[in-house]
Amino acid sequence: MTADAVPNRLVVLAAYDPDGELAPPLRQQITAWQGQTSRLIVVSAGQLQPSARQWISERAELIERDNVGYDFLSYRVGLNVAGDLGRYDEVVLCNDSVIGPLRPYSRIFAEMAERPVDFWGITASQRIEPHLQSYFLVFRPWVVSAPSFRRFWAALTPVSERREVIRRYEIGLSATLRAAGFRMGSYFEPTVAEQRRARIRTAWWISRRSDAPRRLRELIARSREPWNPTYALADAAWADGRLPVVKLDTLRLDPYGLDAARLLRSGGRRFPEAFAEVRAYLARTAAHHPPRPNERLRRPRRLLAPVQPLVRYR
């Protein structure tokens, strides 16, 4: 392939804006994919405003559907419209839940082309069982042509509960493909120092949860739990975009209690163009993304309060 050739790549981009507007994260994604894909299908869960519809339609194929189910339903709609998936060198499923990419897609895909994997994502999580996080997934042609891949999507039904979607579909897709013998990989691979930092931050998170252990020995044991890399290591993005996205939920909800406001300020300084409209977007959509009751954190215990500056985002 020459330097100017457009990759033979299908991208299905799931999108949702509660007001039907052209959200800054979606605009970033669509702009970043220009020249990096031979076919871009945007599936919007919900009807768009005319100005947003026009802007997207000038740059991608647009499908608007009822806001039922989560992104996996949008992914399936896009895959069905695409037809024969095996004719593409790569099939990408992604959504607009992130800021980025903070390094070009051309660089990311070039690096992953050198790794011996059959399907990959930006980040992998070990929670519950090893899986790729579904905001960004890439499949080689022999994977999308496999019976296991086709059966997975044929069996998919709308699910309205977030945890069930993660268990059944996000974790389930990786498990299905690994069971079929396909090799899984992750673009972001934390360093030893980052793994150590994530364990410390996990201990901080667990110490503030409603079910926090009372004894130090139990806390240390539970701090070895697997972590969500987009929460525990979100500031790895500042290392030249090694983690090339920042999840919006990390900024909205601060799930690990690591000072998301500080993370947002750091992002604005380091990547001013990518973060330019993020604060306003978060404010506009805040009512549609309330804190999840089962993920609320307690105030730090007095004994642990001095630890906060050591664990917070950089």
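We did not get these values from a lab; they are worked out from the coordinates using the rules stated. Keep in mind that what you see is a predicted model, and the values were worked out from it rather than measured. For neighbour counting, all protein chains shown are included, and Cβ atoms are generated from backbone atoms with ideal geometry for every residue, glycine included.
A simple packing score, the average count of other Cβ atoms within 10 Å per residue, orders the peptides 280-291, 180-191 as 180-191, 280-291, with the highest score first. Under a model in which nothing but the beta-carbon of Lys, Arg (+1) and Asp, Glu (-1) is charged, the chain shows a dipole of about 1820 debye around its Cα centre. The GNM of the chain, with springs linking C-alpha atoms under 10 angstrom apart, assigns the highest mean-square fluctuation among Arg150, Arg292, Arg178 to Arg292.
At q = 0.18 Å⁻¹, what is the base-10 log of I(q)/I(0) for segment 1-63 according to the Debye formula with one equal point scatterer per Cα and no solvent? Please give it to two decimals. Log10 of I(q)/I(0), two decimals: -0.60.
Listed values for segment 62-77 are Karplus-derived 3J(HN,Hα) couplings in whole Hz (6.51 cos²θ - 1.76 cosθ + 1.60, θ = phi - 60°), namely 10, 10, 10, 10, 5, 7, 10, x, 9, 4, 4, 5, 5, 4, 5, 4, and x replaces Gly and Pro.
Taking the inverse of the mean 1/r over every pair of distinct Cα atoms in segment 108-190 gives a Kirkwood hydrodynamic radius of 13.2 Å. Dipole check for segment 91-150: with +1 at the C-beta of Lys and Arg, -1 at the C-beta of Asp and Glu, and the Cα centre as origin, the magnitude is about 40 Debye.
Computed over the Cα atoms of segment 1-155, pair by distinct pair, the Kirkwood hydrodynamic radius stands at 16.1 angstrom.
Of all beta bridges that DSSP places with both ends in the chain, some 35 percent have antiparallel geometry. At q = 0.12 Å⁻¹ the log10 of I(q)/I(0) for the chain amounts to -0.84, computed by Debye summation with a single uniform scatterer per C-alpha, solvent ignored.
Positive-end ranking of Leu264, Ser210, Tyr231 along the dipole of segment 186-267, with charges on Cβ about the Cα centre, is headed by Ser210.
The charge dipole of segment 9-186, taken about its Cα centre with unit charges on the Cβ of Lys, Arg, Asp and Glu (plus for the first two, minus for the last two), comes to roughly 500 debye. Put simply, the amide H of Glu64, placed in the peptide plane, has neighbours under 5 Å in Ser44, leaving out anything fewer than 5 places away on its chain.
The tail of the calculated P(r) for segment 192-311, taken as Cα-Cα distances beyond 19 Å, holds 50 percent of the pairs. Kirkwood hydrodynamic radius of segment 230-282, from the reciprocal of the average inverse Cα-Cα distance over all distinct pairs: 11.0 Å. Between Ala283 and Gln34, the simple label model (points 7 Å from Cα in the Cβ direction) yields a spacing of 2.8 nm. Distances between placed amide hydrogens fall under 5 Å for Asp96 paired with Ala14, Tyr16, all partners being 5 or more residues away or on another chain. Highest mobility in the GNM of the chain, judged by mean-square fluctuation with C-alpha springs under 10 Å and restricted to Ala276, Ala60, Ala15, is found for Ala276.
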